Amino acid sequence: MSTQKEIQQKADTVGENGLRLDTEKAEQIVDALNTDLADAYVLYHQLHKHHWNVEGAEFLEIHRFLQEVYEDVEDAADELAERLQALGGVPHASMTALAENATVEAEDEDVYDIRTSLSNDLEMMGDMIESYRQHVELAEGLGDYATSEMLREQLETVEEHAHHIEHYLENDTLVLESATN
């Protein structure tokens with residue numbers, strides 16, 4: 001094993017890219033995508049926590065739903081990282097960098113009832129939806145239509161998951177009140 005370490009590209013830099021996008025424009029988009037990447041990993045870990053800790057009559061359905069959502073978020077994070085690397089950037093990869101660059105705030109380590117947990121997920125998704133919309137406009141305005149399209153597709157997925165969480169949070173249930181006492 002070699003003991004030499006050669007840095008190929010420093011973090012927080014943007015180099016030339018084969019996509020022929022001007023470096024100044026690429027820097028703005030890379031910064032936005034790194035924010036989305038950091039936010040995605042915060043959401044991913046929170047969803048995973050809720051997947052592990054869900055209890056109650058609707059356990060299995062919600063457990064499976066949360067797994068589907070965190071898998072979609074993980075796929076989106078991978079796509080974000082690959083795109084910003086293609087633009088000449090360096091994806092945030094350390095837990096420190098991800099935590100420092102996330103604009104969403106994760107819930108603490110305590111375990112909450114599933115209604116509170118889902119409400120917290122919905123709140124985080126709402127913040128990310130707003131950020132995605134801004135970043136779609138940014139990429140579009142800078143002429144990076146491929147990034148804009150990728151973000152639109154991810155936005156649609158996050159909105160769909162948020163909509164499903166809204167349904168879970170409705171008061172209507174098949175579970176009788178007597179069953180919860």
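Observations, loosely collected:
- Cα-based reach from LYS25 at 12 Å (exclusive), listing aspartates and glutamates while leaving out same-chain residues under 8 positions away: GLU16, GLU140, ASP144
- Spherically averaged projected area of the convex hull of Cα atoms, the chain: 12.8 nm².
- Cα-based Rg of the stretch 71-129 normalised by 2.2 N^0.38 Å, two decimals: 1.34
- Its alpha carbons give the stretch 39-106 an Rg and a Dmax of 14.1, 49 Å.
- Take the chain and mark each of the GluC sites (Glu not before Pro) that is in a DSSP loop with at most 11 other Cβ atoms within 10 Å; the longest unmarked stretch, sites excluded, is 110-169.
- Solvent exposure ordering (accessible area, 1.4 Å, most first) of ASP12, ASP108: ASP12, ASP108
- For the chain, the longest site-free run once trypsin sites (Lys or Arg not before Pro) in DSSP loop states with at most 12 other Cβ atoms within 10 Å are removed: 21-181
- Dipole of the chain [Lys/Arg +1, Asp/Glu -1 at C-beta], most positive-end residue of LEU138, ASN34, LEU122: ASN34
- A simple spin-label model places pseudo-atoms 7 Å from Cα toward Cβ; at GLU82 and SER119 they are separated by 3.8 nm.
The values are calculated or read from the model by the stated rules, or taken from the named source; none is laboratory data. Model, not experiment: these values are computed from the prediction. Neighbour counts run over all protein chains shown; Cβ positions are idealised from the backbone, glycine included. All accessible areas refer to the heavy atoms of the entire protein, side chains included, with ligands and DNA or RNA removed. Shrake-Rupley method; radii C 1.70, N 1.55, O 1.52, S 1.80 Å.
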